[in-house]
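The values are calculated or read from the model by the stated rules, or taken from the named source; none is laboratory data. This structure is a prediction, so every number in the text was calculated from the model and none was measured. With ideal geometry, Cβ positions are generated from the backbone for all residues, glycine too; neighbour counts draw on all protein chains shown.
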Amino acid sequence: MSRAVADLNWRGDSGSLLIRGARVLDPRKGLDESRDVVVKQGRIAELAAPGEAELPEGAELIEAAGLVAMPAFFDPHVHLRQIGEEYKEDLETGTRAAAAGGFCGVVAMANTDPATDEPETVAAMREQADREASVPTGFVGTVTVGMRGEELTEMAAMRAAGALGFSDDGLPITSARVMRRALQYQHLVGGNILLHEEDPELSGDGVMGEGVVSAALGLAGVPDVSESTMIARDAALCLHEDARAHVQHLSARRSVEAIEVAKQRGAAITAELTPHHLVLTDEEVRSLDARFKMNPPLRSEDDRQALIEALRSGTVDCIGTDHAPHATHQKEVPFEQALMGVIGLETAFPVLYTALVEPGIVELETIIERMTAGAALFDLEIPTIAPDAEANITLIDLEAEWEAGADGWESRSSNSCFTGWKLRSRPAATIVAGSVAYRQRAFRMGAVA
Amino acid sequence: MRDLLSIENLSREDIERICERAASFAEVGRREIKKVPTLRGRTIVSLFYESSTRTSASFELAAKRLSADVVSIKAQGSSADKGESLKDTIATLSAYDPEAIVIRSPLAGAAQLVAGWTDAAVVNAGDGKHEHPSQALLDVYTALERLGSLDGKRVWVVGDIAHSRVARSTVRAFGLLGAEVTVAGPPTLIPPGFGEAFGCDVSYDLDALGSADVIYALRMQRERMAESFVPTLREYAVAYQIDARRLGARQLLMHPGPINRGIELAPEVIDGPSSLITAQVRNGLLVRMAILYEILAGSERPRPVRGVDDAIERIDPEGAPTIGEPA
């Protein structure tokens, strides 16, 4: 029993539209042809032959010739920094960045300050999203109180307050005992558990991926087994407790192998990849530029190839950006001192299209499937373009060329590891439940006829 | 050369030119008045975020022998102690228009960042575990002084490779001058990928140490026991200490200092005839004079020196100074 994405909290309302002349591409429906999309009260009413649809009453007309209409993306993993670090991002700026990236929904992590570990906080955030969020926004609560990894939070109460699931993301749940209790408790409360997999004992004071580059730079490295051993542990616990969990941001070949083994054994485990791990390697860190510092870290070309293969094969279920805004003064410091994380919402699709689709490494259809599949982690309807489906549609200009960061960012922060990249393709408009959540400034739309 | 940030971005020619210059400064040290006017009127800021004896002292002395004005700042008691960011500190110091900033930091990449924030030339006097280029230059200068050429010579660097910025710079410098370098130490203290990163051999024992022309021992710190890198310093010494038994008569011994006597080096070899350790310290002064000369006087594009004209421009037409305290 899936819910619609627009049931999450946002300030928008469902609307009516006619999208005319777009190439409609939805790989899940085997659809790739020119269609006029008729949207009535938030839902797709009809996919008509080009030029044959009539504008519904009170609807906006969108002339979309030359654009591709695809299911809008869903990001299961963003940091909106509200509450506590609004100088980096907040619900308003973060969801504006999401809309500009073609996302119809995001899920905000709970490593706020203080952590989102009480039902009252979850309820307050949802109310705030009703007033400020440009796209539907879901919230998770933490698994442990204060993200200390010791005691479970009131997960049932947070679920009742509307938490979509639970995560201590930013930190691993180090204790196997606590992890096991959380998975057992899931049988009462439901909700997916999202896991940042890392063994702090093995990571030590590491600040980048361990390998040739870390050896050259004299920076402490985080070995890949820090991630893969924890995935193996938690997969075993999921099987043992008949529970469900989602592994966030894989960074290494060994982690992909651990997911493969877990799935073969029948564990209810899903996995996620970020655009930056799919496109960059630890070679970038040679610059000692803290824009390339994130957790998990960038790793070797061999690891990157394994991640790409996992994206293609479906071993990895979805893409999440791990959008992690930080202020300039937290990044303009020596590498070891810098905070970890990069923003990613506004560049996710264009970067993947430029680096993976255009050179023929990954099919466009695969990227669309993985960028929408994150909704299923929370039992939400995966955005799709079909009659009766909620009209969550992104219009993309695949020919557009632009320089990342040259016009600034919708996000309040600018810590992108793609600044200066010449990108091909750009979202022109994002539609949520038939209502326009974003339109590129240069993109003109027709008035109501 | 604009800055000296690392050995990695130097060529063999750069290193040889600096060594030749250092040799030419040896004569200055033998004069009664050990000073030349080369850098008169230039200001050099020495900014040390870590304790240091020989590096800070020799840079300061090198600057003074070249007649530069030196301001030495230690992190303790400075505004860094009060939480000022590196960028803000550099902006503050740059406002005094120094020609060069010599910086030592516990953080990798600090010198490189500073170079992007200031017009002054920047000398990396050690950044985290990354590089220590002036040490490597004095190392190869000292070895060259004894051996004439390093082409085809075998150099063994022994000890805690993982935590050593000296190793990262000196392995590269010896390699650039044609030496074949082997790093040796406990497997826990040689990071994975080191051999590939530096194009050197890796050994976990000293069985083949006899083939070395130069043995370069590194400092072994006591903290490494607590972090389980080695069980005890005694066990480390048994496997890796350079003593009279391991040091052959024809082999040269080097060490960056400060020495832990009886741990990485047995007392009898430190002051023995094969030891270049004192020569390293002495040459450190000459090489650091050569480095300051290279970036401040030897540069192909000398940086503009602020003169009287600039000062006049800063006074507005009414004649009131725009900068300064009210009368």
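Criterion first (within 30 Å of residue B:110 (Cβ to Cβ) and in a helix (DSSP H, G or I)) does residue A:201 satisfy it?
Numbers: within 30 Å of residue B:110 (Cβ to Cβ): yes; in a helix (DSSP H, G or I): yes.
When the stated conditions are applied, residue A:201 passes them.
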(message) Looking for something touching a residue at least 40 places away in the same chain (Cβ under 8 Å), out of contact with any Lys or Arg (no Cβ under 9 Å at 6 or more places or on another chain), assigned to a helix (DSSP H, G or I) and under 23 Å from residue A:291 (Cβ atoms) - is there at least one such residue anywhere in the range B:137-151?
(response) no
(request) Exactly one condition in (1) under 22 Å from the mean Cα position of the chain (by Cα); (2) part of a loop (DSSP other than H, G, I, E, B); (3) among the hydrophobic types (A, V, I, L, M, F, W, C) is not met by residue B:36; state its number. (result) (1)
(request) Spot the failing condition for residue B:109; the list is (1) of a type in the set (Gly, Ala, Ser); (2) surrounded by fewer than 20 Cβ atoms within 10 Å (Cβ to Cβ); (3) outside the structural domain of residue B:177 (by TED's automatic domain parsing), and only one is missed. (result) (2)
(request) Working only within the range A:272-319, note down all residues that are buried (at least 20 other Cβ atoms within 10 Å of the Cβ), of a type in the set (Gly, Ala, Ser) and within 13 Å of chain B (Cβ to nearest Cβ). (result) A:290, A:300
(request) Residue by residue through the range B:152-174, note down the ones that are aliphatic (A, V, I, L, M) and either assigned to a helix (DSSP H, G or I) or at the interface with chain A (Cβ under 10 Å from one of its Cβ atoms) (or both). (result) B:161, B:162, B:166, B:167, B:171, B:173
(request) Consider only pairs whose beta carbons are under 7 Å apart and that are at least six residues apart or on different chains; among these, list those whose first residue lies in the range B:10-31 and is outside the structural domain of residue B:147 (by TED's automatic domain parsing) and in contact (Cβ under 8 Å) with a residue 12 or more places away in the chain and whose second residue is among the β-branched types (Val, Ile, Thr) and surrounded by fewer than 18 Cβ atoms within 10 Å (Cβ to Cβ). (result) B:28/B:36
(message) Out of everything in the range A:14-30 that is under 21 Å from residue A:399 (Cβ atoms) and aliphatic (A, V, I, L, M), what residue ends up being surrounded by the fewest Cβ atoms within 10 Å (Cβ to Cβ)?
(response) A:25
(request) For residue B:67, work out the one condition from (1) closer than 30 Å to residue A:336 by Cβ; (2) away from chain A (no Cβ under 14 Å); (3) touching a residue at least 24 places away in the same chain (Cβ under 8 Å); (4) of a type in the set (Ser, Thr, Tyr) it doesn't fulfil. (result) (1)
(message) Checking residue A:172 against (1) over 30 Å from residue A:237 (Cβ atoms); (2) outside any strand (DSSP E or B); (3) at pLDDT 95 or above: exactly one of these is not met. Which one?
(response) (1)
(request) Of the numbered conditions (1) in contact (Cβ under 8 Å) with a residue 24 or more places away in the chain; (2) buried (at least 19 other Cβ atoms within 10 Å of the Cβ); (3) within 14 Å of chain B (Cβ to nearest Cβ); (4) not small (Gly, Ala, Ser), residue A:223 fails exactly one; give the number of that condition. (result) (1)
(request) Give just the number: which of (1) buried (at least 22 other Cβ atoms within 10 Å of the Cβ); (2) closer than 26 Å to residue A:353 by Cα; (3) among the small types (Gly, Ala, Ser) does residue A:34 not satisfy? (result) (1)
(message) If a residue must be assigned to a helix (DSSP H, G or I) and under 19 Å from the mean Cα position of the chain (by Cα), how many such residues does the range B:55-87 contain?
(response) 11
(message) Taking the criterion of being closer than 15 Å to residue B:159 by Cα, in contact (Cβ under 8 Å) with a residue 12 or more places away in the chain and among the basic types (Lys, Arg), would at least one residue in the range B:226-243 satisfy it?
(response) no
(request) Those residues that are within 23 Å of residue B:136 (Cβ to Cβ) and assigned to a loop (DSSP other than H, G, I, E, B), I need them from the range B:40-54; list them, please. (result) B:49, B:50, B:51, B:52, B:53
(message) With the requirement that a residue be modelled with pLDDT of 95 or more and not small (Gly, Ala, Ser), what does the range A:47-60 give you?
(response) A:47
(request) Report yes if some residue within the range A:182-193 is surrounded by 20 or more Cβ atoms within 10 Å (Cβ to Cβ), within 14 Å of another protein chain (Cβ to nearest Cβ), free of Cβ contacts under 8 Å to residues at least 60 places away in the same chain and outside any loop (DSSP other than H, G, I, E, B); otherwise report no. (result) no
(request) Looking only at the range A:113-169, count how many residues are assigned to a loop (DSSP other than H, G, I, E, B), more than 26 Å from residue A:439 (Cα to Cα), within 21 Å of the chain's Cα centre (by Cα) and not charged (D, E, K, R). (result) 7
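Could you tell me whether the range A:343-359 includes any residue that is more than 21 Å from residue A:280 (Cβ to Cβ) and at pLDDT 95 or above? Outline the logic, then answer.
Residues of the range A:343-359 that are more than 21 Å from residue A:280 (Cβ to Cβ), as a first pass: none.
No, there is no match, as no residue in the range A:343-359 is more than 21 Å from residue A:280 (Cβ to Cβ) and at pLDDT 95 or above.
Among the residues of the range B:175-207 satisfying the criterion of being charged (D, E, K, R) and not in a helix (DSSP H, G or I), which is nearest to the other protein chains (Cβ to nearest Cβ)? Explain how you work it out, then say what you get.
Step one: list which residues in the range B:175-207 are charged (D, E, K, R), which gives B:180, B:196, B:201, B:205, B:207.
Retained after the next criterion (residues that are not in a helix (DSSP H, G or I)): B:180, B:201, B:205, B:207.
Details: B:180: 19, B:201: 14, B:205: 20, B:207: 23 Å.
Result: B:201.
Per-residue answers, yes or no, for (1) in contact with a helix residue (DSSP H, G or I) (Cβ under 7 Å, 6 or more places away or on another chain); (2) farther than 26 Å from residue B:20 by Cβ:
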{"residue": "B:114", "(1), (2)": "yes, yes"}
{"residue": "B:125", "(1), (2)": "yes, no"}
{"residue": "B:128", "(1), (2)": "yes, yes"}
{"residue": "B:136", "(1), (2)": "yes, no"}
{"residue": "B:139", "(1), (2)": "yes, no"}
{"residue": "B:154", "(1), (2)": "yes, no"}
{"residue": "B:166", "(1), (2)": "yes, no"}
{"residue": "B:190", "(1), (2)": "no, yes"}
(message) Considering only residues that are more than 24 Å from residue B:74 (Cα to Cα) and touching a helix residue (DSSP H, G or I) at 6+ places or on another chain (Cβ under 9 Å), which ones fall in the range B:27-52?
(response) B:28, B:29, B:34, B:35, B:36, B:38
(request) Inspect the range B:149-158 for any residue being farther than 25 Å from residue B:243 by Cβ, surrounded by fewer than 24 Cβ atoms within 10 Å (Cβ to Cβ) and of a type in the set (D, E, K, R) and give the result as yes or no. (result) yes
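Of everything in the range A:327-348 that's part of a loop (DSSP other than H, G, I, E, B) and away from chain B (no Cβ under 14 Å), which residue is farthest from residue A:79 (Cα to Cα)? Before the answer, list the steps.
So the first thing to find is which residues in the range A:327-348 are part of a loop (DSSP other than H, G, I, E, B), and the list is A:327, A:332-334, A:338-341, A:343-347.
Now restrict to residues that are away from chain B (no Cβ under 14 Å): A:340-341, A:343-347.
Numbers: A:340: 12, A:341: 10, A:343: 9, A:344: 10, A:345: 10, A:346: 14, A:347: 15 Å.
Applying the filter and picking the extreme gives A:347.
Yes or no, residue by residue, for (1) crowded, with 16+ Cβ neighbours inside 10 Å; (2) within 14 Å of chain A (Cβ to nearest Cβ); (3) at positive phi; (4) in contact with a Gly (Cβ under 8 Å, 6 or more places away or on another chain):
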position	(1), (2), (3), (4)
B:76	no, no, no, no
B:86	yes, yes, no, no
B:97	no, no, yes, no
B:105	yes, yes, no, yes
B:116	no, yes, no, no
B:120	yes, no, no, no
B:124	yes, yes, no, no
B:128	yes, yes, yes, yes
B:133	yes, yes, no, no
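Given the structure, is residue A:153 farther than 30 Å from residue A:137 by Cβ, away from chain B (no Cβ under 14 Å) and in contact (Cβ under 8 Å) with a residue 12 or more places away in the chain?
So residue A:153 does not fit the description; no.
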